[in-house]
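Take this structure, written in structure tokens, and hold onto it; I'll ask about it next.
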Amino acid sequence: MYKQPSSYTFRKLDSEKDWSFFDKDFAIPQAVRQHIHALNRSAAEKLWSTEVSNNALERHVMLLPKEHWLKPEAEGPNWLPEWERTEKAEVDLFLRRHFQLSSNEAVYFLLMREIAYQAPIEIAIQHWRAFLALDDEGPLLLHLPSGCYALFGPDGYLQAGNRRLADFVRANR
């Protein structure tokens, strides 16, 4: 059983809006899809404001200022070569090493201020391609209790770090 600890409100996954979770190319069975939760818009905005930036103009990772707390400490593999491969390899391994959590721990995949998903870390790692299909220009995978995060870039870069509370508070003054 997967944990779903959250004070956020979810909306039902939509086959058009959340198309990649239903697409046959990503092959996510219903039994897995039921553990992927889309936050409704106001919940996604609250999550972003609380955990990433309370500046409304900073609605996407690419719009965050240089002094933002998002300063990755580890370089991962380029995810582009793995995009078309079916076997699991470097991206999965990198994420597992960085997010040393139990498989059912909830993480958030934030595409931007208005769009976010919650899923168990194991599902996020196994199906990272489906999440990236929705937006590959800087989505952020974040585990709230630990501050561990991974950042996927549009040219295939993958970086990881750990948000420090002091950095977050300083950036959101």
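A short reminder: the numbers here are calculations on the coordinates, not readings from a lab. Model, not experiment: these values are computed from the prediction.
At 222 nm, what value in deg cm²/dmol follows for the chain if DSSP H runs of at least 4 each add -39500 (n - 2.57) and the sum is divided by all its residues, to the nearest 500?
Working: 7 runs with 48 residues, N = 173.
Computed ellipticity for the chain at 222 nm equals -7000 deg cm²/dmol.
Return the ratio Rg/(2.2 N^0.38 Å) for the chain, where Rg is computed over Cα atoms only.
Working it through for the chain, the quotient is 0.97.
Full extension from residue 26 to residue 7: what is 0.36 nm times the residue separation minus their Cα-Cα distance, to one decimal in nm?
Value of the extension gain: 3.9 nm.
When the Cα atoms of the stretch 54-124 are enclosed in a convex hull and the volume is divided per residue, what value in Å³ results?
130 Å³
State, as an integer percentage, the relative contact order of the stretch 67-123 based on alpha-carbon contacts under 8 Å between residues 6 or more apart.
Across the stretch 67-123, relative contact order equals 23 percent.
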